[in-house]
Amino acid sequence: MDDVSQLLELNEQFIDACRKGSWDMLRPILSPSFGYIDGTTGEVWERQQYIDDIEGQPVPELGIDQVAVHVDGNTAVVSARSLGRPGGRYARYVDTYERRAEGWRCVHACVWPLA
């Protein structure tokens, strides 16, 4: 499977984990050093805070479109527009991946609301 296909599959798994509020589904995707920036507040979260925010808080109506994948060597960025957060507003996310011996792992993410 080529890099773009692998990253699209991981992206769908990431979104499905958010839909289900499942840390078990996210565990194989996120790097142990994963970090997150809350695009609404600008707050930097460590991995555990992100896990606590996801776990048990499903967003079953979460949908995505405008998915883009950019691969440059052992680094990749996956971005998309999402809909399904409270208020029915769109957001944009950017996830940064690194290729490792065990495969692609998400090392950083940011989500911010769109006007």
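Tally time: how many residues in segment 71-90 are closer than 30 Å to Arg100 by Cα and surrounded by fewer than 14 Cβ atoms within 10 Å (Cβ to Cβ)?
Result for segment 71-90: 4.
Are any residues in segment 86-97 more than 17 Å from Asp38 (Cα to Cα) and within 13 Å of the chain's Cα centre (by Cα), and if so, which ones?
Tyr97
Please state which one of Ala109, Ala68 is open to solvent by less than 60 Å² (accessible area, probe 1.4 Å), in contact (Cβ under 8 Å) with a residue 24 or more places away in the chain and of a type in the set (Gly, Ala, Ser). Outline the logic, then answer.
On the way: Ala68 fails: in contact (Cβ under 8 Å) with a residue 24 or more places away in the chain.
Within the list Ala109, Ala68, the selection yields Ala109.
Report the residue count in segment 54-65 for those that are under 13 Å from the mean Cα position of the chain (by Cα) and surrounded by fewer than 14 Cβ atoms within 10 Å (Cβ to Cβ).
If we filter segment 54-65 for residues that are under 13 Å from the mean Cα position of the chain (by Cα), which is where we start, we get 54, 62-64.
Now narrow it down to the ones that are surrounded by fewer than 14 Cβ atoms within 10 Å (Cβ to Cβ): 63.
Count: 1.
Please work out which residue is most open to solvent (accessible area, probe 1.4 Å), limiting yourself to segment 1-22 and to residues that are more than 12 Å from the chain's Cα centre (by Cα) and in contact (Cβ under 8 Å) with a residue 24 or more places away in the chain.
Lys20
Give the number of residues within segment 72-82 that are under 19 Å from Leu30 (Cβ atoms) and in contact (Cβ under 8 Å) with a residue 24 or more places away in the chain.
So the count comes out to 6.
How about segment 24-46: which of its residues are surrounded by 15 or more Cβ atoms within 10 Å (Cβ to Cβ), free of Cβ contacts under 8 Å to residues at least 40 places away in the same chain and either under 22 Å from Gly103 (Cα atoms) or in contact with a Ser or Thr (Cβ under 9 Å, 6 or more places away or on another chain) (or both)?
Here is the first cut: in segment 24-46, the residues surrounded by 15 or more Cβ atoms within 10 Å (Cβ to Cβ) are 25-26, 29-31, 34-39, 45.
Remaining after also requiring free of Cβ contacts under 8 Å to residues at least 40 places away in the same chain: 25-26, 45.
Listed by number, the residues that qualify are Met25, Leu26.
The values are calculated or read from the model by the stated rules, or taken from the named source; none is laboratory data. Owing to the predicted nature of the structure, the values given are computational and were not obtained by experimental measurement. Every residue, glycine as well, gets a Cβ built from its backbone with ideal geometry; the counts of neighbours run over all protein chains shown. Each accessible area value is taken on the protein alone, full model and side chains, heavy atoms only, with ligands, DNA and RNA left out. Shrake-Rupley method; radii C 1.70, N 1.55, O 1.52, S 1.80 Å.
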